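Colleague: My structure is below; once you've seen it, I'll send some questions.
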Amino acid sequence: MSRFILFLLFILLLAFVKPGKLHLSREENFREVIFRKHILDTAFVSEGVTVADVNNDSRTDVLAGTFWYEAPSWKRHRIHADTLHPVAGYSTSFINFSVDVNADGWMDFIRFDQPGATCTWYENPKNKERLWQGHVILATAGIETPVFVDVDGDGKRDIICNDITLKQVIWLKSPVAKGDTVWQRFIISREPGYASIYSWTRLG
């Protein structure tokens, strides 16, 4: 069949099809998603937040600063007492991450304090109602935007941040082996200008 005949057939098709029927309408293409608001806490507790299945019940819980909120009722549980007396007008929980640090099958919690203060991970007590044991990853962690990403491709996310004491931009390798809790340290840059308290971390 020649191209000319195919072209004529196409023209005839257009003549019999009503405008707008060759594609779906906006309403047919777009399905509205409606979100429902849930208030987990009436008090401000953290600038950062993360999610994880804390109690291994296959539900996604919320962890923020000092507390974790158990789905689906959002019952509040205290994680630690390190930020009971925060600086007025300033959060002592800037960034939160979650990962199974020691590979014991229970998700743990990472908290970055104020810029220049500690980065700490808290060990999941495995459904025991007690405070989570804290372990300092870095005593003087700078920047307001640390990055939690798999740097070396081993399947576990690592931390990129600044050490303001040694004036270094570093990445901290997350422990991989079961029972291991050592964060290996690698230097990215020794330039003081890129390792201040409030310097931003960028990838790329």
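Colleague: Could you look at segment 28-184 and say what percent of its accessible area is carbon and sulfur, using a 1.4 Å probe and all protein chains?
Modeller: Working: 4360 of 8300 Å².
Percent of accessible area from carbon and sulfur atoms in segment 28-184: 53.
Colleague: Where does the charge balance sit around L172 when Lys and Arg score +1, Asp and Glu -1, over other residues with C-beta under 14 Å from its C-beta? Numbers along the way, then the final one.
Modeller: Details: positive: K156, R157, K173, R185; negative: D150, D152, D154, D158, D163, D180.
For residues surrounding L172, the net value is -2.
Colleague: Considering lysine pairs in segment 123-196 that are 8 or more places apart or on different chains, how many have Cα atoms under 24 Å apart? Intermediate results must be reported in sequence, preceding the final value.
Modeller: On the way: K126/K156; K126/K178; K128/K178; K156/K173; K156/K178.
Lysine pairs satisfying the spacing and distance rule in segment 123-196 number 5.
Colleague: I would also like to ask the following. Take the Cα pairs of segment 118-195, get the Kirkwood Rh, then feed it into Stokes-Einstein at 25 °C and 0.890 mPa s and tell me D in µm²/s.
Modeller: Result for D is 181 µm²/s.
Colleague: Now a separate question. For segment 113-195, with every protein chain kept in place, what is the accessible area per residue (1.4 Å probe, Å²)?
Modeller: Values: 4200 Å² over 83 residues.
Heavy-atom SASA per residue in segment 113-195 reads 51 Å².
Colleague: Taking the Cα atoms of segment 91-152, report the difference between the largest and smallest coordinate on each principal axis, in whole Å and largest first.
Modeller: 33, 29, 16
The values are calculated or read from the model by the stated rules, or taken from the named source; none is laboratory data. Just so it is clear, the structure is predicted and the values come from calculations on it, not from any experiment. Methodologically, a virtual Cβ is constructed for each residue, glycine included, from the backbone with ideal geometry; neighbour enumeration extends over all protein chains shown. To get the accessible areas, we keep the full protein, side chains included, count just its heavy atoms, and leave off ligands, DNA and RNA. Shrake-Rupley method; radii C 1.70, N 1.55, O 1.52, S 1.80 Å.
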